Amino acid sequence: MKVLFIGGTGVISSSCSQLCVEKGYDLFLLNRGTSFRAAPKDAEIINADIRNAAAARSALGSQTFDVVVDWAAYNQKHVRNDFNLFRDKTNQYIFISSASAYQKPVQKLPITEETPLENPFWSYSRAKIDCENFLMKVYGEEKFPVTICRPSHTYDKTKTPLRADYLPFHRMKLGKKIIIHDDGNSLWTLTHTRDFAKGFAGLLGSPTTIGEAYQITSDEVLTWDAIAETLAEKAGYDLHVAHLPSNFISQYDKEWGDSLLGDKANNAVYDNSKIKKLVPEFKATIPFSQGAEEIVEWYSDPRNQIVDYNLDALMDRMINDSHS
């Protein structure tokens, strides 16, 4: 199977790239080569910027692919360009959407692929919904072979679930409080990227997935307090938490606030029956306790201990203002 990944060296896609190579697929990565994550040695690199349609078309030449996956499409313009570029070049186009596109606030758990797509709080999610709507339109009208994939919060060793990157460990080390939104008891699902890859691989080249959407997550459900406690325990730090309302956080940091109100502040429990029916062997086997150990190990390297001091100071101000 000949597979093209647009991107392929990101948090989620790197594990999928590696698994494709291990399965013996002919994997091509079209990207700018700017990621610190290395591409699998057996993947063929096409160095081009997908945002430059003419350059991408030139770089691809007359090649066709069994599957094209765009890991880096974030608005309707991006997928419209993909449609124009790949409409005659592939038997399957997989769009990486987001589980944050599901209805907020969530009306019914568990979340399934049939849960309505509606997010008035986060522009990122609304843009993903626009992408899905456009792609399903061209699927219906022009038989463009679309499959939609909706990851939820998928992480690797480089991505701390808390905001942001190394900063939670820096604050724990200094005995400072970690900000957790609301009461810390909302339910959340974290999926390790290697687990995600096992389910995702089942979408590739599957004709039954055309015109369908699939979510792929772990079945492990945690509270945000439990996530913070696990990270602190694995790092060997005492945990001190400041619980602040999501709306309060949004007043100080709109980007953070939007991601909370439009996603993380809502209970997120997923029904993975659909992907398990397609890929019976799919099962998420990496608990967050193991993933947290990988994260702690990554950030034990001084080269990865980059502190956003502006955000650190803003967190101090938020905590202080919450008591005034």
Looking only at residues that are surrounded by 22 or more Cβ atoms within 10 Å (Cβ to Cβ) and touching a strand residue (DSSP E or B) at 6+ places or on another chain (Cβ under 8 Å) in segment 13-47, which one is modelled with the lowest pLDDT? Asn31
Consider segment 160-218. How many of its residues are of a type in the set (A, V, I, L, M), part of a helix (DSSP H, G or I) and not assigned by TED's automatic domain parsing to the domain that holds Val241? 3
Got at least one residue in segment 4-27 being assigned by TED's automatic domain parsing to the domain that holds Trp71, of a type in the set (Ser, Thr, Tyr), free of Cβ contacts under 8 Å to residues at least 40 places away in the same chain and not in a loop (DSSP other than H, G, I, E, B)? yes
Could you tell me whether Lys283 is among the basic types (Lys, Arg), over 15 Å from Thr230 (Cβ atoms) and in a helix (DSSP H, G or I)? no
Ala242 assigned to a strand (DSSP E or B), in the same structural domain as Ile178 (by TED's automatic domain parsing) and surrounded by fewer than 18 Cβ atoms within 10 Å (Cβ to Cβ): yes
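Mind listing whichever residues of segment 275-288 are surrounded by 13 or more Cβ atoms within 10 Å (Cβ to Cβ) and either under 30 Å from Phe248 (Cβ atoms) or not hydrophobic (A, V, I, L, M, F, W, C) (or both)? Give the steps one after another, and end with the answer.
At the first step, the residues of segment 275-288 found to be surrounded by 13 or more Cβ atoms within 10 Å (Cβ to Cβ) are 275-276, 278-279, 282-284, 286-288.
Within segment 275-288, Lys276, Lys283, Pro287, Phe288 meet the criteria.
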Scanning for something in contact with a His (Cβ under 7 Å, 6 or more places away or on another chain) and in contact (Cβ under 8 Å) with a residue 24 or more places away in the chain, does segment 159-173 turn up at least one residue? yes
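The values are calculated or read from the model by the stated rules, or taken from the named source; none is laboratory data. Source: prediction; values computed, not measured. Positions of Cβ are generated from backbone atoms using ideal geometry, with glycine treated the same way; all protein chains shown enter the neighbour counts.
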